[in-house]
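S.K.: Can you read through this structure? Questions will come right after.
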Amino acid sequence: MSEPIEREIHLGATNPLGLDGIEFIEYATSRPQAVGQALETMGFHPVARHRSREVLLYRQGTMNVVINAHANPSRGSVQPREVPVIAAVAFRVKDAAMAYAHALDRGAWAVPAHVEVMELNIPAIHGVGGSRIYLVDRYREFSIWDVDFVPIPGADRQPPALAGLHWFGLVQYINFDRMADWCEFYRELFGFAELPDDERFGIMPDGKILASPCRTFFLQLVEPPPGLDEVESEEMLQRIGLGAPDVPTAVAALQQRGVEFIESEHVRSGVRGALTKPLSGLTFELVHDARAAS
């Protein structure tokens, strides 16, 4: 993984939806102020508010994080609750309509649109645990944020990333005997590819790693540990992975901002990665990304 990130996005069997990275990740919570403070501690800045809903956009570098405290009437969707949960991820695609049609043709479940006045209709399909996977093709000069959101007065709309942090991927918890099903889901709909079991990143090596077809981010699927009662197991997007060209430098910068990291017999910060202690219910994993350093 020392090669530079591939910049050319080719449609076809290897990248059927024209994936081009992550546009945003959304948390649902009934405590938006506390979660927003946690994001600011991690280096994110509030940059815009939704025109009609209790939704706030935070940003650093190329990363967008949405905090959603607006109750959603859609049946089965993730509702705001005290402990924040990753309710959605938006994939950048070349053509959202085409990608949406392809996903449905391959068996994806559509999310019914509930668009209000002056809002964009962003196609979405159902993901794990009631989450949504949005398909966004407006992310360059003209973006979804220019329509649905109003800038916060005086805020820097393009705050720099702390210590070069950027999206590395997502960790998804899955249930017993569901690894093959989820691998097929991401492979068939999006073109993700399973990496060899000996190819691992960071300091949390469990599970199966899937590489996006655009090679800009990864998914890590983690099964419950042996002996865990199946009733206690929940399928969900559990945490965000942040890439860093130099993990110790990023850890030091975050520690200066008050972020604490787990240091135990089994989990310890190092050059390969680090894991934060929960911040208002949020946990972030730092992963050394050799691509960013090359």
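Throughout, read-outs are computed from the coordinates displayed, never taken from laboratory work. None of the values given here were measured: they were computed from a predicted structure. Note that we place each Cβ from the backbone using ideal geometry, even for glycine, and neighbour counts take in every protein chain shown.
S.K.: Can you divide the C-alpha Rg of region 22-151 by 2.2 N^0.38 Å and report the result to two decimal places? Could the numbers behind the result be given before it?
M.R.: Details: Rg = 14.2 Å, N = 130, 2.2 N^0.38 = 14.0 Å.
That ratio works out to 1.02.
S.K.: Among all stretches of the chain without exposed chymotrypsin sites (Phe, Trp or Tyr not before Pro) (DSSP loop, at most 14 other Cβ atoms within 10 Å), which one is longest? Don't skip to the end; give the middle numbers.
M.R.: Numbers: sites that count: Trp109, Phe142, Phe176.
The segment 177-294 is the longest one with no such site.
S.K.: Between Lys277 and Ala290, what length comes free when the chain is fully extended (0.36 nm per residue of separation minus the Cα-Cα distance, one decimal in nm)?
M.R.: Details: separation 13, 0.36 × 13 = 4.68 nm, distance 2.43 nm.
The Lys277-Ala290 span can extend by a further 2.2 nm.
S.K.: Now for a different question. Projected onto the charge dipole of region 162-293 (+1 at Lys/Arg Cβ, -1 at Asp/Glu Cβ, origin at the Cα centre), which of Gly169, Phe284, Val251 gives the Cα projection farthest towards the positive end?
M.R.: Val251
S.K.: Which values, in whole Å and largest first, are the semi-axes of the equivalent ellipsoid of region 87-186 obtained as the square root of 5 times each eigenvalue of the Cα gyration tensor? Provide the component values of the computation, followed by the final result.
M.R.: Details: eigenvalues 153, 80, 32 Å².
Those come to 28, 20, 13 Å.
S.K.: Right, next: Multiplying the sequence separation of Asn175 and Leu195 by 0.36 nm and subtracting their Cα-Cα distance, what value in nm do you get? Intermediate results must be reported in sequence, preceding the final value.
M.R.: Working: separation 20, 0.36 × 20 = 7.20 nm, distance 2.02 nm.
Result for the pair: 5.2 nm of gain on full extension.
S.K.: Taking loop as defined by DSSP and a crowding limit of 14 other beta carbons within 10 Å, which GluC sites (Glu not before Pro) in region 183-284 fit? Could you put the intermediate results ahead of the total?
M.R.: Details: sites: Glu184, Glu188, Glu194, Glu199, Glu230, Glu232, Glu234, Glu235, Glu260, Glu263, Glu265; in loops: Glu199, Glu234, Glu235, Glu260, Glu263, Glu265.
For GluC sites (Glu not before Pro) across region 183-284 that sit outside H, G, I, E and B with at most 14 neighbouring Cβ atoms in 10 Å, the list reads Glu199, Glu234, Glu260, Glu263, Glu265.
S.K.: Based on DSSP, what percent of beta bridges with both residues in region 22-151 are antiparallel, to the nearest 5?
M.R.: Numbers: 24 of 33 bridges.
Roughly 75 percent of the DSSP beta bridges within region 22-151 come out antiparallel.
S.K.: What are the ³J(HN,Hα) couplings of region 215-222, residue after residue, when phi is run through the Karplus curve with 6.51, -1.76, 1.60 and θ = phi - 60°? Round to Hz, x for glycine and proline.
M.R.: Karplus-based 3J(HN,Hα) across region 215-222 equals 6, 9, 7, 9, 10, 10, 9, 10 Hz.
S.K.: I want to check the label-to-label distance for Leu104 and Arg138. Put each point 7 Å from Cα in the C-beta direction and report it in nm to one decimal.
M.R.: Between Leu104 and Arg138, the label points sit 2.0 nm apart.
S.K.: Still on this model: Quick one: which residues, 5+ away or cross-chain, put their amide H under 5 Å from the amide H of Gly273? H built at 1.01 Å from N.
M.R.: The list, which skips near neighbours in sequence, is His288.
S.K.: State the answer as a single residue: which of Gln220, Val136, Pro205 lies farthest towards the positive end of the charge dipole of the chain, with beta carbon charges of +1 for Lys and Arg and -1 for Asp and Glu, about the Cα centre.
M.R.: Of the options given, the answer is Val136.
S.K.: Per-residue ellipticity at 222 nm for the chain, helices alone: DSSP H runs ≥ 4 residues times -39500 (n - 2.57), over residue total, nearest 500 deg cm²/dmol? Walk me through the intermediate numbers first.
M.R.: Details: 6 runs with 50 residues, N = 294.
Rounded to the nearest 500, the figure is -4500 deg cm²/dmol.
S.K.: If each of His266 and Glu184 carries a label point 7 Å out from its Cα toward its Cβ, how far apart are those two points in nm?
M.R.: In this crude label model, His266 to Glu184 measures out at 3.1 nm.
S.K.: How much net charge surrounds Gln158 when only the other residues with a Cβ under 14 Å from the Cβ of Gln158 are counted, with Lys and Arg +1 and Asp and Glu -1? Intermediate values should be presented prior to the final figure.
M.R.: Values: positive: Arg59, Arg140, Arg157; negative: Glu141, Asp146, Asp156.
Taking every Cβ under 14 Å from that of Gln158, the sum is 0.
S.K.: Between Arg257 and Val147, what is the label-to-label distance in nm when each label sits 7 Å out along the Cα-to-Cβ direction?
M.R.: Roughly 3.1 nm, to one decimal.
S.K.: Compute the longest continuous run of the chain that contains no exposed trypsin sites (Lys or Arg not before Pro); treat a site as exposed when its DSSP state is not H, G, I, E or B and it has at most 10 other Cβ atoms within 10 Å. Intermediate results must be reported in sequence, preceding the final value.
M.R.: Details: sites that count: Arg7, Arg75, Arg140.
Between the exposed loop sites, the longest stretch runs 141-294.
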